[in-house]
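I have placed the structure first, in the form of structure tokens, so that the comments after it can refer back to it.
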Amino acid sequence: MPTHEVTNQVPPLVGHDVAADPALLEGLRRHGAGWAEDDLHALGRLAGSQEWQERGRVVNENEPVLRTHDRYGNRIDEVEFHPYWHELMTVAVEHGVHAAPWADPTPGAHIARAAKLYVWGQVDAGHTCPISMTYAAIPALRANADLAAEFEPLLTARTYDFGLRVPSAKRGLIAGMSMTEKQGGSDVRTNTTVATPAGDGTYRLVGHKWFTSAPMSDMFLTLAQAPGGLSCFLLPRVLPDGTRNPIRLQRLKDKLGNRSNASAEIEYENAVGWPLGAEGEGVRTIIQMVNNTRLDCTVGSASGMRFGAVQAVHHASHRRAFGARLVDQPLMRNVLADLIVESEAATTVAMRLAGASDAALQGSADEELLRRLGLAVSKYWVCKRAPIHAAEALECLGGNGYVEESGMPRLYREAPLQSIWEGSGNVAALDTLRAMARQPATVDAYFAEVEQATGADARLDQAVIGLRKELSDVDDIEYRARHLVQTMALVLQGSLLVRHGVPAVADAFCASRFGEWTGAFGALPPGVDTKAIIERAM
């Protein structure tokens, strides 16, 4: 006799279209990129397939390996990846999730790219790091017109061409970033790496970098102290004459998450670099890259929330306990609906900021002002909510969610990264204060945006009034920065949902996020239409 039979287990969630996400598609159309919907669905069907979900699992279980030397003792400084990593990178590049929009003048190209990052990141978040770096590198690269003319066409090309070769001889390039040093962290002005002019327009860099994102990239943007102050440089791994630039990979970081991707400590041993911008203008140059990667942090966190919410709803729709499906039990409905509300608020604001970024590139000064403040605010809050959201979504699966096979532990480990990358919570909160102080017009742009919803929901109106009062009090404002930025983020999300979201989601958000809210999931008040909300993730 068999000892048992398997019952009441949930079928795998595969064979679906990840892009069939109402909040994402509504944002895509609303901000002028509806023309990309067919391509987005094609990518979404790949992302939801068993084949590609399996690739995402495998690359996280077969991590990159550092090869400092070959079998003969020659220094090679290479990172070896599982073949699936390169397949994931190929799909991302061919679908233009990297720097392709910079070569596309079509209005909405950057919005479409953000939506694709959101969708494809649900297969594996790790490989989206070099994809994001490559996207963000272009504005900083343009600080040197000659380098931009040479390398921008290759960075935007839709061909993934892995391998250590002269950049100009390749069909496509990937860029990385190397700023952080062990003594300074986010305080890059304390960097000690030295850049000495070589007399031929190049510099020689000597120093150590504590975190180098995607060390297998073809080229890196880095900061170093030149005679004129902290400056930005472009360093290729292979020099024009075919010799290797002396960029030594010391070790790979053993990280909590992001396991499929490599992050390294490196040494510059008189490495050759070309300047991007003038000496002393390093922060001003590199911040253009940072602003774009901060948008990707927000998009990536929203992507993870959507993945977690869908997994939780799928499980609850098939699993039975105490005589009923979990999804039909009132308290579970409250939790699931709340997870979806948080997810849709994150997606909606991420798409709004992608829209602002695209419009700013088209020349809109007002949208640039909104982007400047809205991105700092949302980077703080959306990324801060992602780990809490992942933990609650995991719990919806019970013990099954705590097991690696469910995929939820990987989501849980991945979630904190976006909050740390490109400035932790305090850095993002202080950057918000800095933006308001240095560019008061950003505050006007923010309120012009949120007050478009005035009169539509009394709870939101009161929150706006309270926010204005809080902003008028500058005493201890740095001490209160987190609470202030949280309120700004909630008001921005609430205004967008009231104006553009479905009534059930907007009502649940305003009823729970404004007033006495603890931040815990599953505390939506009575009267919220949980059924209509949960259907958004089915």
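The values are calculated or read from the model by the stated rules, or taken from the named source; none is laboratory data. This is a predicted model, so every value here is computed, not measured. So basically every Cβ, Gly included, is an ideal-geometry build from the backbone, and we count neighbours across all protein chains shown.
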### Query
In segment 26-81, how many residues are of a type in the set (A, V, I, L, M), outside any strand (DSSP E or B) and touching an Asp or Glu at 6+ places or on another chain (Cβ under 7 Å)?
2
### Summary
Counted residues in segment 221-275 being surrounded by fewer than 24 Cβ atoms within 10 Å (Cβ to Cβ), of a type in the set (S, T, Y) and in a strand (DSSP E or B) come to 1
### Query
If only one of V528, V474 is surrounded by 18 or more Cβ atoms within 10 Å (Cβ to Cβ) and either β-branched (V, I, T) or under 22 Å from T454 (Cβ atoms) (or both), which one is it?
V528
#### Entry: Selection count, segment 261-311, where residues are within 19 Å of A214 (Cα to Cα), small (G, A, S) and under 20 Å from the mean Cα position of the chain (by Cα)
4
### Summary
Exactly one of R306, R371 is within 27 Å of M538 (Cα to Cα), in contact with a Ser or Thr (Cβ under 6 Å, 6 or more places away or on another chain), in a helix (DSSP H, G or I) and modelled with pLDDT of 95 or more, and that residue is R306
### Task
State which residue is modelled with the lowest pLDDT when the search covers only segment 280-300 and only residues that are farther than 17 Å from L370 by Cα and of a type in the set (D, E, K, R).
R284
### Message
Of all residues being of a type in the set (A, V, I, L, M) and out of contact with any strand residue (DSSP E or B) (no Cβ under 8 Å at 6 or more places or on another chain) in segment 53-86, which is surrounded by the fewest Cβ atoms within 10 Å (Cβ to Cβ)? Just the residue, please.
### Response
V58
### Task
Read through the list (1) modelled with pLDDT under 95; (2) within 21 Å of R113 (Cα to Cα), then give the number of the only condition that L164 fails.
(2)
### Message
Can you go through A365, A435, A376, A391 and tell me which one is crowded, with 24+ Cβ neighbours inside 10 Å and either farther than 19 Å from A115 by Cβ or touching a Phe, Trp or Tyr at 6+ places or on another chain (Cβ under 8 Å) (or both)?
### Response
A376
